[in-house]
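K.L.:
Handing you a structure now.
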Amino acid sequence: MSTPAQRMVAEQLRPHGVTDERVLQAMASVPREEFLSPRMRRHAYEDRALAIDCGQTISQPLVVALMVQAAAPQPDDVALEVGTGSGYAAAVLSRMCRLVVTVEREPALAEHASETLRRLGYDNVEVAVGDGSLGWPAGAPYAVILVAAAARGVPQPLVDQLADGGRLVIPVAFSAEEPQDLRLYTRAGAEVSYRSMFPVLFVPLRPG
Ligand code: SAH
């Protein structure tokens, strides 16, 4: 007997470049349907982004898995997520590191995600309300930073809050029309460099 999340791993993630067993285990353990409204639940294991409240989306599972894999969270790491949305990606991340701080600008989404995470027992996730393009200085530095909304360029506070050896995964937008570039930034001392991963389509990172 396998769960829907385990089948998602076997059918959608393993064949598409997700090879890190810890990521696959984390993805298999988080019930995506619990992060959706009753109306959307029957779509929970389709490999696509789905609507949540406030005109936002829960990211496509494959994209979440590839972002987490690129960021390579370690058991002692503290991670920052910008754009909590439903809380799904924070839950996945929480299975692989010590603490996740996740920042959401919509109070209603933050509240709902926080309730869901608490109900499901993800007790190493802290949900904060604010403008995540400023990062969350109180918890810095972070070994891992995941950004779930597309920015015009990388917000400097996020770079500043990246630990030595840290990994930042962020979709970077060049214009509203073009696909965004999902990038992995890494810090080695004062040097920050990036590589492009693949084109993506995220909701915009909004200021304020
Ligand atoms: N990781 C989420 C997907 C989030 S979609 C999940 O797994 O469900 C992107 C989210 O980023 C939206 O909820 C949006 O409200 C939020 N967002 C947009 N701009 C933001 C900002 N400046 N700071 C924090 N959150 C922001």
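K.L.:
Calculate the dipole size of the chain relative to its Cα centre from +1 charges on Lys and Arg beta carbons and -1 charges on Asp and Glu beta carbons; express the result in debye to the nearest 20.
P.N.:
Magnitude of the dipole: close to 360 debye.
K.L.:
Let me ask something additional. Considering the dipole of the chain built from charges on the beta carbon (Lys and Arg +1, Asp and Glu -1) around the Cα centre, which of Ile145, Ile58, Ala173 is farthest to its positive end?
P.N.:
Ile58
K.L.:
Okay, helix-only estimate at 222 nm for the chain: each DSSP H run of n ≥ 4 adds -39500 (n - 2.57), divide by all residues, round to 500 deg cm²/dmol; what do you get?
P.N.:
Rounded to the nearest 500, the figure is -7000 deg cm²/dmol.
K.L.:
Taking the Cα centre as origin and putting +1 on Lys and Arg beta-carbons and -1 on Asp and Glu beta-carbons, what dipole magnitude results for the range 79-132, to the nearest 20 debye?
P.N.:
Computed charge dipole of the range 79-132: roughly 240 debye.
K.L.:
Report Rg(Cα)/(2.2 N^0.38 Å) for the range 15-61, keeping two decimals.
P.N.:
Relative to the 2.2 N^0.38 Å estimate, the range 15-61 comes out at 1.25.
K.L.:
Each residue of the range 92-109 in order: what ³J(HN,Hα) in whole Hz does its phi give by Karplus 6.51 cos²θ - 1.76 cosθ + 1.60, θ = phi - 60°, with x for Gly and Pro?
P.N.:
4, 4, 5, 6, 10, 9, 6, 8, 10, 9, 10, 10, 10, 7, 8, x, 5, 5
K.L.:
Contact order normalised by length for the chain, with contacts defined as Cα pairs under 8 Å and 6 or more residues apart; what percent is it?
P.N.:
15 percent
K.L.:
Same structure, new question: When the Karplus curve 6.51 cos²θ - 1.76 cosθ + 1.60 is applied with θ = phi - 60°, which whole-Hz ³J(HN,Hα) does each residue of the range 50-59 get, with x for Gly and Pro?
P.N.:
Calculated HN-Hα couplings, in order: 10, 5, 10, 5, 6, x, 9, 9, 8, 5 Hz.
K.L.:
Would you please give the residues with an amide H less than 5 Å from that of Val144, counting only those at least 5 places away or on a separate chain, with H modeled from the backbone geometry?
P.N.:
Hits under the 5 Å cutoff: Val78, Leu80, Arg167.
K.L.:
Using r as the Cβ-Cβ distance of Ala51 and Ser196, and R0 as 30 Å, what FRET efficiency do you calculate, to the nearest 0.05?
P.N.:
Taking R0 as 30 Å, the efficiency between Ala51 and Ser196 is 0.60.
K.L.:
Of the residues Ala91, Ala128, Ala108, which exhibits the maximal mean-square fluctuation in a Gaussian network model of the chain defined by a 10 Å Cα contact cut-off?
P.N.:
Its mean-square fluctuation being the largest, the pick is Ala108.
K.L.:
With labels modelled as points extended 7 Å from the Cα through the Cβ direction, what inter-label distance (nm, one decimal) is found for Glu115 paired with Ser175?
P.N.:
In this crude spin-label approximation the distance works out to 4.2 nm.
K.L.:
Would you kindly calculate the mean projected area, averaged across all directions, of the convex hull enclosing the Cα atoms of the range 65-186, in square nanometres?
P.N.:
The Cα convex hull of the range 65-186, projected and averaged over all directions, gives 6.9 nm².
K.L.:
Can you divide the C-alpha Rg of the range 1-99 by 2.2 N^0.38 Å and report the result to two decimal places?
P.N.:
Compactness ratio reported: 1.02.
K.L.:
Compare Ala173, Ala190, Ala110 in a GNM of the chain, Cα atoms joined below 10 Å, and give the one with the largest fluctuation.
P.N.:
Comparing Ala173, Ala190, Ala110 in a Gaussian network model of the chain, the most mobile one is Ala190.
K.L.:
While we're on this one: Once the convex hull of the C-alpha atoms of the chain is built, how many Å³ does it hold per residue, rounded to a whole number?
P.N.:
117 Å³
K.L.:
Any idea what angle helix 61-71 forms with the longest principal axis of the chain, computed on alpha-carbon atoms, 0 to 90 degrees, nearest 10?
P.N.:
Roughly 40 degrees, rounded to the nearest 10.
Throughout, read-outs are computed from the coordinates displayed, never taken from laboratory work. The model shown is predicted, which means the values in this text are computed figures rather than measured ones. When we count neighbours, we look across all protein chains shown, and the Cβ atoms used for this are built from the backbone with ideal geometry, even at glycine.
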